[in-house]
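Single-structure report; data block below.
The values are calculated or read from the model by the stated rules, or taken from the named source; none is laboratory data. Every value quoted in this text rests on a predicted model; they were computed, and no experiment measured them. Positions of Cβ are backbone-derived with ideal geometry, glycine not excepted, and every protein chain shown enters the neighbour counts. Only protein heavy atoms, including side chains, enter the accessible area calculation; ligands, DNA and RNA are left aside. Shrake-Rupley method; radii C 1.70, N 1.55, O 1.52, S 1.80 Å.
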Amino acid sequence: MDSWLQDERFFQPYQEKFDRRLGRPSVPVDTFHRLMYLRFRHRLSYETLVREVRDSITWRRFCRIPLDGRVPDSTTLVKLVHKYGPEVLDRLNEELVLKAKEKKVIRGRKLRVDTTVVEADIEYPTDADLLADGIRAITRTVKQLQQAGVEVDKRFRDYNRSVKKQLLGIAKVLQRRTQEAQTEVREITGKILKTARRVVVGAKQVMAQTETGMEVAGEAVPGAARRLIDRLRQITALTARVVQQTQEVERGNRHIPNRIVSLWDPDARPIRKGKLKAPTEFGYKVVIEETEDRLITGYEVFQGNPADDTVLVPAVTRHKRVFGRVPERVTADRGMASTGNERVLVEMGVERVALPRRGKLTPTRIAYQHQRWRAGVEGTISLLKWKYGMRRTGLRGHSGTRSWVAGSVWAYNLTRLAELS
């Protein structure tokens, strides 16, 4: 892996993020992406990573940190991850695949495509819990504004204590597991809903009052207070959406598009895969593309749950952009199979399209499907989830999940290339 990483091309994606004249010296790029490899490969927290690198001569040598050198602080690594963003990691993965292609370690003659779900780092969402989170967050932010010296309307009340008692009441009622219990839960949720409406209205009044005061004070308003007001505006808008969707549920409408499942990760969505008795997962849908050498040459993170049969052709297009030609064989599972996809891929130049059809098959179709290159990308997805940390994202939002998935793929591909070469 050390020999694979000794290439100037892996430094180029970072150059745009730096100013040659301004700012303090940062962590060397070579050290940073080696630290990120160790983090994802061994599923370590930032604090544990720093501690292990500090105590290991082998890891220090791999990360290009002298024995008497200082290991970057965990908070510094967190800031750098957010600064670079998913675009840098995407380019790193592209450059790694291109280097493997140039060294003829991979050929890209075959392509397997599958989808999976990366869970968001959130609890199971319920209407009552989401409303309580919104009430708690708004109240906390208003109190922080008061501590920052901003005058707040005295009529704004703290309902956290009563809401907490109501949530405990829900937990006790649910232990009965009867229809009457479900009715009581909806009644308690209705009470929390009324409280949330009052809190949202109060938060809007606080924002109107503080914004008027900011116009009068002008530049004298501290930056911390401005950031708190922006935070209050954001959390109030999200809580208002939760109030609206809870009202829809109370009316009997349970099919709500773009439903909020977390105030802390508002981009996450409920996703249910098309498998029998598959549970609903909350997070992001990811497409994984691998070659016959089990190297991941492409991936994409979606916000929501697009149909599987809509992601196959773009995956083949990405493969063509990387290798300069379409693969000779393409295979996927039944969710991506359609007559239209087969026709498009054949027109693109794919020699054999192995897509198992759904429903009753003719003898001719059965014979055709038996000669296919079997789909097996599920094994790679399992490795990514359980050995490289892709089961559950540790970063919030769509952008954070893209960075997390890219880091997992980066660590997996490096390990795989070390095995192949």
The listed residue being assigned to a helix (DSSP H, G or I), at pLDDT 85 or above, more than 23 Å from the chain's Cα centre (by Cα) and among the basic types (Lys, Arg), out of Arg233, Arg226: Arg233
Extreme residue, farthest from the chain's Cα centre (by Cα), among residues of the stretch 386-413 that are among the hydrophobic types (A, V, I, L, M, F, W, C) and surrounded by fewer than 21 Cβ atoms within 10 Å (Cβ to Cβ): Trp386
Criterion: closer than 24 Å to Gly85 by Cα and of a type outside the set (Asp, Glu) - qualifying residue of Leu420, Leu384: Leu384
Unmet criterion (only one of (1) open to solvent by less than 100 Å² (accessible area, probe 1.4 Å); (2) part of a helix (DSSP H, G or I)) for Lys164: (1)
Any chance Gly108 is buried (at least 22 other Cβ atoms within 10 Å of the Cβ) and in contact with a His (Cβ under 8 Å, 6 or more places away or on another chain): yes
